[in-house]
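Derivation of every value follows stated rules applied to the coordinates shown; laboratory data play no part. A quick note: this is a predicted structure, and the numbers were derived from the prediction, not measured.
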Amino acid sequence: MRADARLLAALALAAGALLWAVPFAWMAVASLRPGGAGAADLASLLPSGPFDLANFREAWTSGHFPLWYCNTVLLCGGILAVQCVTISLAGYAFARLRFPGRNLVFTAFLLQLMLVPPILIVPNMRTLISLGLYDTLLGVMLPYFASAFGVFLMRQTFRTIPRDYEEAAVLDGATTLQIIFRVLLPLARPGLVAFAIVSVTAHWNEFLWPLMATSSPSNQVLTVGLASFTAGAEAGSEWGVIAAGTFLVAAPLLAGFVLFQRQFVSSFTFSGIK
């Protein structure tokens, strides 16, 4: 009975993996087909016919991918840098400090995970305009400088670290900030790595908020730039070029996931997240 259950689980996982892989396989085949292949030809995933990189060259020269890459890297890097500070301080407070109503405050803090991001667009836009940060990368970053998920993850990570390290640091005369950044954070690196992967992936793929918070082409990120690029390519039914542009946007995340998937899973296991 147990062997049958394992076989069914394996088949279900294989089916899920196949469904997940089909769009990427279609994108890879479409992007490598010679220009001029129609939608009917691209419906087949069979790698028939010659392949070349002409679609990638055309996509790179037609779109402003260097600018979009630069803006996206600045966006994701800036958000992550600030988040690492805010989630570390808040996670330490909820994990180690004792104050009245701590659990109630933590529960209320986590309630924002239940909010759908689009409902916050209007108040966030009004805040950006009042601060004079509309159509700036800083304005796009601002709403993400705090993360309820990150605080929860760091709280769980800090709780797995024995207090002996902190007590030893206190005996050596370390301050609270020194304990957090010099003692606990190096030990909590797996939790930080897990959060960094989640944060970069989420903000790399973010579309609606960057679209609403920027208006000039110089501040566009990859997702917004790809939308405008795709709209122009669709007019000529250049499916291969569209697939190549989409692959250029997705390739860094795919490569990062392949390289860090083991560390990503082990980081959540280390922090106690099931």
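The table below lists the values:
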quantity: Residue-averaged [θ]222 nm for the chain, counting only DSSP H segments that reach four residues, each worth -39500 (n - 2.57); calculated: -22500 deg cm²/dmol
quantity: Hull-based mean projected area of the range 64-271, where the convex hull spans the alpha carbons, in square nanometres; calculated: 14.2
quantity: Within a Gaussian network of the chain (alpha carbon springs, distance under 10 Å), most fluctuating of A17, A227, A148; calculated: A17
